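Let me begin by presenting the structure, written as structure tokens, before commenting on it.
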Amino acid sequence: MRSRLHALYPALSALPEVQQDRLFAAANLLQLPAGAAIFSENQPCGGFPLILEGSIKVIKQASNGRELLLYRVGPGDSCIISSSCLLGKTAYNARGVTETELTLCVLPVVEFHRLLIEQAAFRDFVFHLFTERIGELMQLVEEVAFARLDQRLAKCLLAHPVDVLHLTHQQLADELGSVREIVSRLLKGFAGQGLVSLGREQITLLDRAGLRALVTM
């Protein structure tokens, strides 16, 4: 575990050996299946997560039940909501769900604060990741506020490295903070333009260049 964490989070390897020994002795290694809840709204933060394998979706739910994907956390990434809860000593204001099978190491709250105070390398690492994630959230706000939904949908489809996506229209709607009926109508429009083909819980990308052109319109 130590060598894997060093590779993904180089700031940890800069810590003194004694500090590393204490950190790894205190850390909890967790393995969770896809679809498991990592944290929920109003729940206190139990530690600082370091992802070894898999990914987490961080989701905000409105009072009407609609959801918006805020960001994903993968190996080498940081969860800004966990960081802000630990720094501000507040509860979570969103929820995290495993997107795939997940292996993560959780630094206890006491150890996180100790490292933050005593080790400049760890402090710089936390705030650097914090800054990066804030930038991503600002981009999300800009897209939600100013980009058309069809452009956001095209961008969402293009974000997948494969052409055959095993996704439901509801899953896409949740990711975009929209409703299934609107996403289904847009997908049918894409299919009519020859950009995608639609099947049962499956979307096949036929024209990536056309989708990219739509994003930049």
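Checked against (1) open to solvent by 40 Å² or more (accessible area, probe 1.4 Å); (2) more than 15 Å from the chain's Cα centre (by Cα), K57 meets all criteria but (2). Tallying residues that are out of contact with any Leu (no Cβ under 7 Å at 6 or more places or on another chain) and among the small types (G, A, S) within the stretch 70-126 yields 8.
Residues in the stretch 63-88 that are open to solvent by 50 Å² or more (accessible area, probe 1.4 Å) and either of a type outside the set (K, R) or at pLDDT 90 or above (or both): S63, N64, P75, D77, L87. Scanning the stretch 84-117 for residues that are closer than 24 Å to H160 by Cα and polar (S, T, N, Q) turns up T98, T100, T103.
Just one of the numbered conditions (1) open to solvent by less than 40 Å² (accessible area, probe 1.4 Å); (2) without any contact (Cβ under 8 Å) to a residue 24 or more places away in the chain; (3) over 16 Å from L68 (Cα atoms) is not true of T131: (1). Scanning the stretch 31-50 for residues that are exposed (fewer than 12 other Cβ atoms within 10 Å of the Cβ) and hydrophobic (A, V, I, L, M, F, W, C) turns up just one, A37. Of the helices (runs of 4 or more DSSP H) contained entirely in the stretch 151-217, those carrying at least 1 residues that are free of Cβ contacts under 8 Å to residues at least 12 places away in the same chain, within 26 Å of the chain's Cα centre (by Cα) and within 29 Å of A62 (Cβ to Cβ) fall at 169-176, 180-192. Among the residues here, L116 does not qualify as under 12 Å from I51 (Cα atoms) and open to solvent by less than 50 Å² (accessible area, probe 1.4 Å).
The values are calculated or read from the model by the stated rules, or taken from the named source; none is laboratory data. Worth saying up front: this structure is predicted, and the values here are computed from it rather than measured. For neighbour counting, all protein chains shown are included, and Cβ atoms are generated from backbone atoms with ideal geometry for every residue, glycine included. Surface areas here come from the heavy atoms of the whole protein model, side chains and all, with no ligands, DNA or RNA. Shrake-Rupley method; radii C 1.70, N 1.55, O 1.52, S 1.80 Å.
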